[in-house]
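**Student:** Before anything else, here's the structure in question.
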Amino acid sequence: MLHKRLKWTSAAVPLTLSAALLAACGGNSNNGGASASASASASTPAAGSPAASGASAGASAADTAAKPDTSKKVQLNWYVLGDAHADTPKVMDEWNKMLEKDLNATVKLNFTSWNDWQSKYNLLLASGEKIDMVFASSWANYYKYAKQGAFMDLTGLLPTYAPQTWKEVPQEDWDTATVGGKIYAVPNTNPEYTPNGLVYREDWREELNLPEIKDLDSLEAYMDGVKKNKKGVTPIGGKAWNEVYTLFTDYYDFKVYGGEGSVIASSSYDNPRDIVEYPFTPQFEEFVKRMKTWADKGFWASNTLSQQTEAGDLIKAGTGAIYWRNAPGAGGFITDVSKTNPDYKLAYFPFTRFHNYAIPTLPMANAMAIPKSSQNPERSLMVLDKLRNDPTYFRLMTYGIEGTHYSLEADGKTMDTPPAGMTVSKDWKPYDITSWGWRYQPNMLQTKGGWDGMDALNKEFAAESKPNIFDPITMDYEPVKSQVAAVNQVFKQYGQPLMMGLVPDPEKALETYRSKLKAAGVDKILDYVKEQANAYFDEKGIK
Amino acid sequence: MIGFFREVARNRVLFLMIAPALLFFALFSYIPMVGVYYAFTNYSFDGGLFGSPFVGFDNFKFLVSSGELVTLTRNTILYNIVFILLSNFLQLVCAIFLAELPGRWFKKTSQSVMFLPFFISFVLVGAFVLNLFSSQNGLVPSLMAQLGLPHYDFYMHTAPWKYIIVFFHVWKGLGYGTVIYLAAIMGFSEEYYEAAKIDGANIFQRVRSITIPMLVPTFILLILLSLGGILKGQFDLFYQIVGQNGSLFNSTDIIDTYVYRSLAVNFDIGMGTAAGLYQSLFGMLLVLCVNYIIRKTREDYALF
């Protein structure tokens, strides 16, 4: 008897123990499994609703008089990228008060924060959390997700629930949001140029009598002068990757396909069909050798790839001289610094000057979409329609509370920041949440006392504007995804340190990088991209 | 079968007591394991878990195609073996020292001081490392410059990082492990030691012949338990100290960080699960092997 019991308990102990071990081992896949199965079960009711609402949309479109039913009070869950402002809850309270009266709904605005936003964004869509509206963008894998079915098809809903937006957004903008004949997002309406460039300390350049920055040599001379004469200053402080990477692509005019981790590019704007693996070009070799000399001169720290500090923060702290920004970003940054550090003088060098042309940004670069998991897509669209088109709603959500975050000038088109009676950084910080997705130019405000170089820049860009022929190529990397993952890995491990000049011997490191890329299957991606891109160029009649 | 039911009926209470634990593991460990199926599908939001197309082993390709799998697995295993053996050894030594120390005040204080790093998050450890070794104004390079040593840039060489990572891992876990061993030592009967003293054994003889042999079961158990996670690496540790710094990957990349990097940008549920599955299977295999060896040599200490 006793013997038997012992046998049983002795069986039970290892059983639980092995369960514990398996649990420990399986941790990773379990998490994915749990969250994803939640999404699977959640998608069942949600999958039914778009069809149903599509039908109702069709019905109400038929008898046009019917106004959408808003009798049921709903709370909408919205997500945007980036970080909230300290006053965001206050702003949203105000906003929701209006919204509740007009549309019987409230919006809970959530933020992903910039830190690690890609993973968070991916998880948001995969986890099946009930989200009614989310920021979407060509640079946040919009086309991939739309193809995978992460977003709701809005084609049938737009005319009924966002009639004004449906009318105002031009057809060619809708086209850029169309995947497989269906519209999955509402692109923003704010034609602009967002080329890369560098913000730098102009006052130091003048003080040290350095040449004006207009090419790689004068840039080098500038950094050299700053490094030698300003003790404790690292020309590009913090993480210098963006500065160097964009300098590379824009200086040689490489048009990279598939984002930063990819190494496939058209060799220049004028030769779109000449598609190459850029690490195998002589230009790349020349560049990495030059970057080695820059790194050795201490233009950035040797641990720059481990750092998270923005170069711009170090400019404000007085220990940095250069910061990568796109043109509108530079305008914002220079305005900001003119308020926090009024004694500094900054200037901007746009990389468009290397080749003297600018490309307008794709409308789909900033948009709003509705994930499949949404339970109130109709109301969410109605709110978006209101937000874009009603100036009161638009300004409150975008610029904050009038009088607290900005004050409106007499013309009603210009805002003054900080508003009268407030001092910078003590009781006022610019209200700058990621409002890009719902931008609608007629409702946008100009900043008074903004950087005066911006207008000149925009004129410069408009004068040399060329059509955007690369961004609309919406490629699905599905057939080569394991090669893409492997190449991305090699890029991080061998490409980044090489391009930052952080290797003892660039020639040997280049050799290694190239052979690792080949092993990772870069040629397969090249063939695939060539085929896809050429098909697009044929279709559009680009030589 | 009938025997089993009779067994249940007879030991109702015992079975009742184990039921919550079994239920817990069934609910939170076994049922979610269904998600492993993702590793073999091409995930789509429409299809979900069972509706997505089946693609066999396609998702595992990216692990193999880069050719890094061998290096990564080797790095992961070697790091963990060093972690486990060195940590346990040092913890053991510290525990014995503490146990033999006479002063109560000193004993308590040093125990607390050793335990403190356990509470420090790896994010802070990462900040320490940056401030210690940064080439611009890090403590170590500045000290070396003061002492007139040649300039050495830690972030340009992969060699020192193995030791830095091992050091911080050991440093962080030392207090925790020491307490476990100390507790085991405190459980030993005083009589053994008294008897040994009467027989004229000095302190070293007592440690060698009484404390260490009696600690062996604890030692083996702790090692076995840590082996389960051997392929898990220590993601926080590596990620916070090394981050995205590709120039150091050759000696610091483990499966966890590799998988994180490849999927953070090109997020794919299928490939992520595939990598997790590889890691888990390998870990299980390892535990089974080690356990097998232990069972062959010292059966009493084996886990199962």
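**Student:** Are there any pairs with C-beta distances below 6 angstrom linking a residue in the range A:277-298 that is over 21 Å from A:LEU517 (Cβ atoms) to a residue that is not small (Gly, Ala, Ser), with the two at least 6 apart or on different chains, and if so which?
**Tutor:** Close Cβ pairs (under 6 Å, with a partner that is not small (Gly, Ala, Ser)) amount to A:ALA295/A:LEU502; A:GLY298/A:LYS227.
**Student:** A follow-up question, please. Out of the residues in the range B:9-27 that are surrounded by 13 or more Cβ atoms within 10 Å (Cβ to Cβ) and assigned to a helix (DSSP H, G or I), which is nearest to the other protein chains (Cβ to nearest Cβ)?
**Tutor:** The initial filter retains those residues of the range B:9-27 that are surrounded by 13 or more Cβ atoms within 10 Å (Cβ to Cβ), namely B:10-11, B:14-15, B:18, B:21-22, B:24-25.
Filter again for assigned to a helix (DSSP H, G or I), leaving B:10, B:14-15, B:18, B:21-22, B:24-25.
Details: B:ARG10: 8, B:LEU14: 7, B:PHE15: 9, B:ILE18: 6, B:ALA21: 6, B:LEU22: 7, B:PHE24: 9, B:PHE25: 4 Å.
For the range B:9-27, the residue satisfying everything is B:PHE25.
**Student:** In the list B:SER280, B:SER247, which residue meets the criterion of being at the interface with another protein chain (Cβ under 9 Å from one of its Cβ atoms), touching a Pro at 6+ places or on another chain (Cβ under 6 Å) and either modelled with pLDDT under 85 or within 30 Å of A:ALA301 (Cβ to Cβ) (or both)?
**Tutor:** B:SER247
**Student:** Please determine, by comparing only the residues of the range B:255-277 that are closer than 21 Å to A:LEU498 by Cα and crowded, with 23+ Cβ neighbours inside 10 Å, which one is modelled with the highest pLDDT.
**Tutor:** Step by step, filter the range B:255-277, then rank; the result is B:THR257.
**Student:** What number of residues in the range A:436-461 are part of a helix (DSSP H, G or I), touching a residue at least 60 places away in the same chain (Cβ under 8 Å) and within 23 Å of the chain's Cα centre (by Cα)?
**Tutor:** Here the count works out to 8.
**Student:** Then there's this: Could you grab me the full set of residues in the range A:217-251 that are outside any loop (DSSP other than H, G, I, E, B) and loosely packed, with under 14 Cβ neighbours inside 10 Å?
**Tutor:** If the condition is that a residue be outside any loop (DSSP other than H, G, I, E, B) and loosely packed, with under 14 Cβ neighbours inside 10 Å, then A:ASP217, A:LYS228, A:ASN229 are the ones that fit.
**Student:** Same structure again: Among the residues of the range A:147-170, which ones are in contact (Cβ under 8 Å) with a residue 24 or more places away in the chain and of a type in the set (S, T, N, Q)?
**Tutor:** Correct list: A:THR155, A:THR160, A:GLN164, A:THR165.
**Student:** Among the residues that make up the range A:526-541, is at least one of them touching an Asp or Glu at 6+ places or on another chain (Cβ under 7 Å) and either in a helix (DSSP H, G or I) or modelled with pLDDT of 90 or more (or both)?
**Tutor:** Yes: one or more hits.
**Student:** Please verify whether B:ALA127 is within 14 Å of chain A (Cβ to nearest Cβ) and in a helix (DSSP H, G or I), treating the condition exactly as stated.
**Tutor:** On the way: within 14 Å of chain A (Cβ to nearest Cβ): yes; in a helix (DSSP H, G or I): yes.
The answer is yes for B:ALA127.
**Student:** Continuing with the same structure: A:GLN308 is checked against (1) polar (S, T, N, Q); (2) surrounded by 17 or more Cβ atoms within 10 Å (Cβ to Cβ); (3) under 26 Å from A:PHE491 (Cα atoms) and fails just one. What number does that condition carry?
**Tutor:** Going through (1) polar (S, T, N, Q); (2) surrounded by 17 or more Cβ atoms within 10 Å (Cβ to Cβ); (3) under 26 Å from A:PHE491 (Cα atoms) one by one, A:GLN308 breaks only (2).
**Student:** Let me ask something additional. Out of the residues in the range B:234-244 meeting the condition of being surrounded by 21 or more Cβ atoms within 10 Å (Cβ to Cβ) and within 10 Å of another protein chain (Cβ to nearest Cβ), tell me which one is farthest from A:PRO504 (Cα to Cα). Please lay out each step first, then the result.
**Tutor:** To start, the set of residues in the range B:234-244 that are surrounded by 21 or more Cβ atoms within 10 Å (Cβ to Cβ) comprises B:234, B:237-238, B:240-242.
Add one more test, that the residue is within 10 Å of another protein chain (Cβ to nearest Cβ), and what stays is B:240-242.
Numbers: B:GLN240: 24, B:ILE241: 21, B:VAL242: 19 Å.
Residue satisfying both the conditions and the ranking: B:GLN240.
**Student:** In the range A:201-246, what residues are among the basic types (Lys, Arg) and free of Cβ contacts under 8 Å to residues at least 24 places away in the same chain? Steps first, please.
**Tutor:** As a first pass, look at the range A:201-246 and keep what is among the basic types (Lys, Arg): A:201, A:205, A:214, A:227-228, A:230-231, A:239.
Correct list: A:LYS228, A:LYS231.
**Student:** For the range A:374-416, enumerate the residues that are over 15 Å from A:PRO442 (Cβ atoms), of a type in the set (D, E, K, R) and in a loop (DSSP other than H, G, I, E, B).
**Tutor:** If the condition is that a residue be over 15 Å from A:PRO442 (Cβ atoms), of a type in the set (D, E, K, R) and in a loop (DSSP other than H, G, I, E, B), then A:GLU409 is the only one that fits.
**Student:** While we're on this one: Is it the case that the range A:437-444 has a residue that's under 25 Å from A:ASP253 (Cα atoms), of a type in the set (S, T, N, Q) and either surrounded by fewer than 18 Cβ atoms within 10 Å (Cβ to Cβ) or within 14 Å of another protein chain (Cβ to nearest Cβ) (or both)?
**Tutor:** In the first step, residues of the range A:437-444 are kept if they are under 25 Å from A:ASP253 (Cα atoms); the result is none.
No, the range A:437-444 contains no residue that is under 25 Å from A:ASP253 (Cα atoms), of a type in the set (S, T, N, Q) and either surrounded by fewer than 18 Cβ atoms within 10 Å (Cβ to Cβ) or within 14 Å of another protein chain (Cβ to nearest Cβ) (or both).
**Student:** Go through B:MET144, B:MET156 for me and flag whichever is closer than 26 Å to A:ALA295 by Cα, surrounded by 14 or more Cβ atoms within 10 Å (Cβ to Cβ) and touching a His at 6+ places or on another chain (Cβ under 8 Å).
**Tutor:** Only one candidate passes the filter, namely B:MET144.
**Student:** Right, another one. Do we find that B:LEU143 is free of Cβ contacts under 8 Å to residues at least 12 places away in the same chain, over 29 Å from B:GLN279 (Cα atoms) and touching a Lys or Arg at 6+ places or on another chain (Cβ under 7 Å) in this structure?
**Tutor:** It is false that B:LEU143 is free of Cβ contacts under 8 Å to residues at least 12 places away in the same chain, over 29 Å from B:GLN279 (Cα atoms) and touching a Lys or Arg at 6+ places or on another chain (Cβ under 7 Å).
**Student:** Any chance the range B:29-39 includes a residue that's touching a strand residue (DSSP E or B) at 6+ places or on another chain (Cβ under 8 Å) and aromatic (Phe, Trp, Tyr)?
**Tutor:** For the range B:29-39, residues touching a strand residue (DSSP E or B) at 6+ places or on another chain (Cβ under 8 Å) and aromatic (Phe, Trp, Tyr): absent.
**Student:** Search the range B:181-195 for residues being among the aliphatic types (A, V, I, L, M) and surrounded by fewer than 16 Cβ atoms within 10 Å (Cβ to Cβ), and hand back the single one that is nearest to the chain's Cα centre (by Cα).
**Tutor:** B:ALA183
**Student:** Out of the residues in the range A:381-417 that are small (Gly, Ala, Ser) and over 28 Å from A:LYS167 (Cα atoms), state the one that is farthest from the chain's Cα centre (by Cα). Show your work before the answer.
**Tutor:** Residues of the range A:381-417 that are small (Gly, Ala, Ser), as a first pass: A:400, A:403, A:407, A:410, A:412.
Next cut, over 28 Å from A:LYS167 (Cα atoms) only: A:403, A:407, A:410.
On the way: A:GLY403: 30, A:SER407: 29, A:ALA410: 34 Å.
Result: A:ALA410.
**Student:** Before we move on, is B:GLY48 facing chain A (nearest Cβ under 8 Å), closer than 26 Å to A:ALA146 by Cα and within 25 Å of the chain's Cα centre (by Cα)?
**Tutor:** no
**Student:** Moving on to the next point. Consider B:TYR193 carefully, then state whether it is touching a Lys or Arg at 6+ places or on another chain (Cβ under 7 Å) and either modelled with pLDDT under 90 or over 30 Å from B:THR71 (Cα atoms) (or both). Reasoning before the result, please.
**Tutor:** Numbers: touching a Lys or Arg at 6+ places or on another chain (Cβ under 7 Å): yes; either modelled with pLDDT under 90 or over 30 Å from B:THR71 (Cα atoms) (or both): yes.
Taking the combined requirement at face value, the residue satisfies it.
**Student:** Please find, within the range A:475-511, the residue that is nearest to the other protein chains (Cβ to nearest Cβ) out of those that are surrounded by fewer than 17 Cβ atoms within 10 Å (Cβ to Cβ) and under 22 Å from B:HIS157 (Cβ atoms).
**Tutor:** Checked the range A:475-511; the qualifying residue nearest to the other protein chains (Cβ to nearest Cβ) is A:PRO504.
**Student:** Right, something else. Looking only at helices (runs of 4 or more DSSP H) that lie completely in the range B:157-248, which have at least 2 residues being touching a helix residue (DSSP H, G or I) at 6+ places or on another chain (Cβ under 9 Å), touching a residue at least 24 places away in the same chain (Cβ under 8 Å) and not acidic (Asp, Glu)?
**Tutor:** The helices (runs of 4 or more DSSP H) meeting that bar are B:159-186, B:212-227, B:235-242.
**Student:** Moving on to the next point. Could you check the range B:51-68 and list, in sequence order, the residues that are free of Cβ contacts under 8 Å to residues at least 12 places away in the same chain, closer than 17 Å to A:THR512 by Cα and under 26 Å from the mean Cα position of the chain (by Cα)?
**Tutor:** Once the filter is applied, which keeps residues that are free of Cβ contacts under 8 Å to residues at least 12 places away in the same chain, closer than 17 Å to A:THR512 by Cα and under 26 Å from the mean Cα position of the chain (by Cα), the range B:51-68 yields only B:GLY67.
**Student:** Could you tell me which residue of the range A:438-467 is nearest to A:TYR357 (Cα to Cα), considering only residues that are of a type in the set (S, T, N, Q) and in contact with a strand residue (DSSP E or B) (Cβ under 7 Å, 6 or more places away or on another chain)?
**Tutor:** Start the filter on the range A:438-467 by keeping residues that are of a type in the set (S, T, N, Q), which leaves A:441, A:443, A:446-447, A:458, A:465.
From what is left, the residues that are in contact with a strand residue (DSSP E or B) (Cβ under 7 Å, 6 or more places away or on another chain) are A:441, A:446-447, A:458, A:465.
Working: A:GLN441: 24, A:GLN446: 25, A:THR447: 27, A:ASN458: 12, A:SER465: 6 Å.
Filtering the range A:438-467 for residues that are of a type in the set (S, T, N, Q) and in contact with a strand residue (DSSP E or B) (Cβ under 7 Å, 6 or more places away or on another chain), the one nearest to A:TYR357 (Cα to Cα) comes out as A:SER465.
Results for (1) more than 14 Å from chain A (Cβ to nearest Cβ); (2) of a type in the set (A, V, I, L, M); (3) under 23 Å from B:GLN279 (Cβ atoms), shown as yes or no for each residue.
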{"site": "B:TYR30", "(1), (2), (3)": "no, no, yes"}
{"site": "B:THR41", "(1), (2), (3)": "no, no, yes"}
{"site": "B:SER44", "(1), (2), (3)": "no, no, no"}
{"site": "B:PHE57", "(1), (2), (3)": "no, no, yes"}
{"site": "B:TYR79", "(1), (2), (3)": "yes, no, yes"}
{"site": "B:SER87", "(1), (2), (3)": "yes, no, yes"}
{"site": "B:VAL93", "(1), (2), (3)": "yes, yes, no"}
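**Student:** Return yes or no: is A:PHE151 closer than 18 Å to A:TRP78 by Cα, facing chain B (nearest Cβ under 10 Å), touching a strand residue (DSSP E or B) at 6+ places or on another chain (Cβ under 6 Å) and not β-branched (Val, Ile, Thr)?
**Tutor:** So A:PHE151 passes the test.
The values are calculated or read from the model by the stated rules, or taken from the named source; none is laboratory data. All values reported here derive from a predicted model rather than from experimental measurement. All Cβ positions, glycine included, derive from the backbone under ideal geometry; neighbour counts span all protein chains shown.
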